[in-house]
Amino acid sequence: MFQGSRHESLYHRAQENARLVALGAQVAEEEHAAALRESLSATLFRLEGPLNVMASVIARLQSREPDMAKALQSALQEGRAHLEDLRQLIAQSHQEAISPVNLNEALRDVLNVCTPRLLASGITLHWQPAAILPSVLGRPIELRALFKALVDNAIDALSTRGWKTREIRLATRAETGVLVSIEDTGPGIPAGLEIKVFEPFFTTHARRTGHLGTGLSRAQQVVTEHGGLLDLLPAPGGGCRVLVELPTRNAA
């Protein structure tokens, strides 16, 4: 009897490990795809500026250099056609089906995936899930990728060389919606950058760390698409506090 229970326990543990490995791969794929979509969207926006300048130059050349204006107009039309093709690719990006999501379970999965980084960085985690939490309607992998990005940001903030107090407090509670709080004891967001950190390609991390600067920008977009709110606040003891509020299944 005992031997059978032990084998069953090992089997369930192996199943759970396999599930977490698969989940980690799915979240990583979603993060990669989201970063590419975000980067492509921001790049398209930036390219509109030079094309608009070209259009202005063409208008001035129409009377003085009609042949040059015609050649530039052809190049401009071709460039805008290529941009439109890229926009269509973004619009056709695959989106998973919407279903009820228990954020306590989603966050527990995220923490399991992030455990190696938390341990390697010497970070103490305080996990305070609400005993009863209503479900939200959303895309399960996308929401897990959202919260993993926010936890990764907190880990990065605490990985500053020489930083001594390394703690993350993660809590959920039910209010008008479901509220998720991610609080770290890091250096916080520099004054004056509270809005700028949401801009694509902006990052407070050194470029050598490989950060694209799309994390918070993408997080804001995902939360908005799910009908929620995201806010950055100074943590009471220093550091940063991220609040994400999503509507409950019934409210949605």
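Here Val178 clears all of (1) buried (at least 21 other Cβ atoms within 10 Å of the Cβ); (2) within 14 Å of the chain's Cα centre (by Cα); (3) more than 17 Å from Thr124 (Cα to Cα); (4) modelled with pLDDT of 90 or more except the condition numbered (2).
Checking each residue in the stretch 101-126 for being free of Cβ contacts under 8 Å to residues at least 40 places away in the same chain and part of a loop (DSSP other than H, G, I, E, B) picks out only Asn102.
Residue by residue, here is whether (1) modelled with pLDDT under 70; (2) out of contact with any helix residue (DSSP H, G or I) (no Cβ under 9 Å at 6 or more places or on another chain); (3) of a type outside the set (Lys, Arg) holds:
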{"site": "Gly4", "(1), (2), (3)": "yes, yes, yes"}
{"site": "His7", "(1), (2), (3)": "yes, yes, yes"}
{"site": "Ala14", "(1), (2), (3)": "no, yes, yes"}
{"site": "Leu61", "(1), (2), (3)": "no, no, yes"}
{"site": "Glu84", "(1), (2), (3)": "no, yes, yes"}
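I'd like the full set of residues that are closer than 17 Å to Ala171 by Cβ and either assigned to a loop (DSSP other than H, G, I, E, B) or in contact with a Cys (Cβ under 9 Å, 6 or more places away or on another chain) (or both), limited to the stretch 127-138. Scanning the stretch 127-138 gives Pro129, Ala130, Ala131, Ile132, Leu133, Pro134. Is one or more of the residues making up the stretch 92-111 in the same structural domain as Ser181 (by TED's automatic domain parsing), more than 23 Å from Pro247 (Cβ to Cβ) and surrounded by 14 or more Cβ atoms within 10 Å (Cβ to Cβ)? For the stretch 92-111, residues in the same structural domain as Ser181 (by TED's automatic domain parsing), more than 23 Å from Pro247 (Cβ to Cβ) and surrounded by 14 or more Cβ atoms within 10 Å (Cβ to Cβ): present. Determine whether Ile141 is β-branched (Val, Ile, Thr), part of a helix (DSSP H, G or I), farther than 11 Å from Asn104 by Cβ and at pLDDT below 90. Considered against the rule, which asks whether it is β-branched (Val, Ile, Thr), part of a helix (DSSP H, G or I), farther than 11 Å from Asn104 by Cβ and at pLDDT below 90, Ile141 comes out as yes. Within the option set Ala157, Ala130, Ala174, being in the same structural domain as Leu103 (by TED's automatic domain parsing), in contact (Cβ under 8 Å) with a residue 60 or more places away in the chain and either out of contact with any Pro (no Cβ under 7 Å at 6 or more places or on another chain) or more than 19 Å from Val113 (Cβ to Cβ) (or both) holds for one residue only, Ala174.
The values are calculated or read from the model by the stated rules, or taken from the named source; none is laboratory data. Note that the structure is predicted; figures quoted are calculated from it, not measured. In this analysis, Cβ positions are derived from the backbone assuming ideal geometry, glycine residues included, and neighbour counts consider all displayed protein chains.
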